[in-house]
1. Treating only the Cβ of Lys, Arg, Asp and Glu as charged (+1, +1, -1, -1), what charge dipole size does segment 221-328 show about its Cα centre? Round to the nearest 20 debye.
2. Over the chain, what is the relative contact order in whole percent, taking alpha-carbon pairs under 8 Å and six or more residues apart?
3. Using a simple spin-label model with points 7 Å from Cα along the Cα→Cβ vector, what separation in nm is obtained for V109 and A50?
4. Using the per-residue mean of other Cβ atoms lying within 10 Å as a proxy for protection, in what order, highest first, do the peptides 42-51, 200-209 fall?
5. Kindly identify the chain as rounded, prolate or oblate by the Cα gyration tensor criterion: order the square roots of the eigenvalues as a ≥ b ≥ c, call it rounded if a/c is under 1.5, otherwise compare a/b with b/c, prolate if a/b is larger, else oblate.
6. How would you rank 108-115, 220-227, highest first, on the average number of other Cβ atoms within 10 Å across their residues?
7. Can you tell me which of A68, A23, A298 moves the most in a GNM of the chain? Springs connect C-alpha atoms under 10 Å apart.
8. Where a ≥ b ≥ c are the square roots of the eigenvalues of the C-alpha gyration tensor, would you call segment 95-252 rounded, which needs a/c under 1.5, or, failing that, prolate if a/b is larger than b/c, or oblate?
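No lab work stands behind these numbers, since they all come straight from the coordinates. This is a predicted model, so every value here is computed, not measured. Quick reminder, even Gly has a Cβ in these numbers, built from the backbone with ideal geometry, and neighbours come from all protein chains shown.
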Amino acid sequence: MAGMRAGILGTGSAVPERVLSNADLEKMVDTSDEWIVTRTGIKERRIAEAYEATSDYAVRASEKALQAAGVAAEEIDLVICATVTPDMMFPATACIIQDKLGATHAGAVDIESGCSGFLYGAAMAAAMVDAGMYRHVLVVAADLLSRITDYEDRSTCVLFGDGAGAAVIGPVPEGRGFLAFDLGSDGSGGEFLFMPAGGSRRPPSAETVAAREHFIKMQGQETFKFAVKAMASATESVLAKAGLDKDAIDLLVPHQANIRIIDAARKRFGLDESKVVITIDKYGNTSASSIPIALDEAIREGRAKVGDLAVLVGFGAGLTWGAAAVRL
Ligand code: UT7
């Protein structure tokens with residue numbers, strides 16, 4: 001393995017079948033299809049059934065990624081699950097995924113970096129593979145944001161959806177693989193995007209439930225401003241680390257939070273629309289899974305090809321941000 005760089009061996013994704021459209025939301029809160037489309041770019045999102053959990057989608061996405069990679073579950077050395085909506089507070093959702101996949105030789109750990117989670121997981125996986133510690137690391141980002149979305153709050157409930165995306169990270173042939181990562185955080189902005197209760201600070205109680213504190217609280221404009229800056233600086237930084245110019249980008253795979261945030265990044269880097277992967281219209285913001293879902297769809301549609309230089313970039317709760325430059 002020495003000398004072989006870590007890269008993406010295969011990807012997979014899974015979203016619920018049930019569609020929640022803007023027309024549906026018009027019946028639930030005081031909003032309109034026109035407002036949602038022009039302010040966010042979202043037309044519909046997918047919502048899991050009541051009996052389902054995050055790991056159900058994570059397993060489906062992971063199975064597809066394993067198949068695409070040609071790697072058996074028993075060959076996985078570590079499962080990293082990025083989620084803010086674990087099946088339970090503990091054990092880790094990664095352990096549930098490990099068991100359901102039959103990844104009998106794998107360690108399992110959850111990471112929580114909000115919508116940047118896939119990039120954090122990919123960076124850890126790539127470092128472990130590059131170091132020769134592990135050969136195959138499964139990184140799966142999965143969230144059922146519908147579980148923590150307040151469907152009485154029009155400023156957030158129109159944004160979020162459910163889904164999962166996965167990648168098997170392992171050694172790839174010369175000339176391919178991850179070239180650079182950029183990860184960052186600013187915890188002082190934690191209260192721009194958070195869920196107040198349910199943890200050790202405010203354990204669940206009748207009072208926290210009555211105060212609707214088990215739902216996402218977001219300061220939209222503050223998050224928006226942060227996002228535009230973070231997307232630009234993380235992309236610039238990762239290109240500089242990789243020794244590449246913005247013209248080298250074949251495909252930008254951004255976190256899908258708002259089409260206006262994505263467009264700002266696209267324009268800043270002078271990219272044609274054909275070079276930017278968009279799924280927000282059909283899935284909304286699916287948290288950490290949005291980047292691997294978009295990448296998986298681009299690969300399966302033939303838009304992302306072997307040898308392409310892809311920049312994956314996102315931001316999220318924490319606040320956190322991250323970017324990866326990868327030769328597919
Ligand atoms: O994964 C990271 C997660 N989060 C994000 O990336 C979110 C980043 N922020 C955003 O995407 C945008 O800030 C939002 C889409 C959340 C909001 O868009 P905005 O252009 O920043 O709107 P705003 O918050 O400034 O609100 C403008 C108006 C307000 O009415 P008034 O005060 O001007 O009368 C809101 O009450 O729009 C109103 N509004 C709505 N109207 C119809 C807020 N939500 C809605 C809604 N339907 N769903």
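1. 160
2. 26
3. The answer from the label model is 3.8 nm.
4. Packing proxy ranking, top to bottom: 42-51, 200-209.
5. Working: a/c = 1.65, a/b = 1.24, b/c = 1.32.
Oblate is the answer for the chain, as a/c is 1.5 or above yet b/c matches or exceeds a/b.
6. Numbers: 108-115: 21.4, 220-227: 17.0.
The densest-packed peptide leads the list: 108-115, 220-227.
7. A23
8. It comes out oblate by the Cα gyration axes.
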